[in-house]
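Working notes for the structure below.
Please treat every number below as a calculation from the coordinates, not as lab data. Keep in mind the model is a prediction, meaning the values are calculated, not measured. Backbone-built Cβ (ideal geometry, glycine too); neighbour counts: all protein chains shown.
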Amino acid sequence: MNTLEQQLQKLDGWERHQEQISKTFGFDAYLTGILFVERLAAFAEAVQHHPQITIDHTNVTIVWTTVDEGKLTDKDIDGAHAADNLYQANGQ
Ligand SMILES: C[C@H](O)[C@H](O)[C@H]1CNC2=NC(N)=NC(=O)C2=N1
């Protein structure tokens, strides 16, 4: 059985801060980062689970937590994998 802790350990480069996980993605151009944000936003709408997103020029920081439950859940793990997959698909 995969506990949340085990799933968190499988994530690459995500930092845990209490009941949040975050990762900063770097891009070679501002609009490449914006494209990543658009794709992640489409994912978020599809699954109705939305990350905090901070855009700082070519760096995009994603924070996942499950607001309704006030804690980390499987939805946040799924969101982290989705962000990683979209980042790779972007050719970064
Ligand atoms: C009704 C709606 O699906 C919920 O309010 C969703 C929307 N998006 C959400 N996003 C996040 N990050 N956490 C939530 O608990 C959450 N709840």
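Roughly how tilted is helix 30-47, in degrees to the nearest 10 and between 0 and 90, from the longest Cα axis of the chain? The angle comes out at about 40 degrees.
How large is the Rg to Rh ratio of the chain when both quantities use alpha carbon positions and Rh follows Kirkwood? Computed over Cα atoms, the ratio is 0.96.
Annotation: for a label point projected 7 angstrom from Cα along Cα→Cβ of ASP74, residues of the range 1-22 with backbone N closer than 12 Å are 2-4. At 222 nm, what value in deg cm²/dmol follows for the chain if DSSP H runs of at least 4 each add -39500 (n - 2.57) and the sum is divided by all its residues, to the nearest 500? Calculated at 222 nm, the ellipticity per residue is -14500 deg cm²/dmol. If the Kirkwood radius is taken over C-alpha pairs of the range 1-40, then at 10 °C and 1.306 mPa s the Stokes-Einstein diffusion coefficient equals 130 µm²/s.
With a cut-off of 13 Å between beta carbons, the residues surrounding ASN90 carry a summed charge of -2, where Lys and Arg count +1 and Asp and Glu -1.
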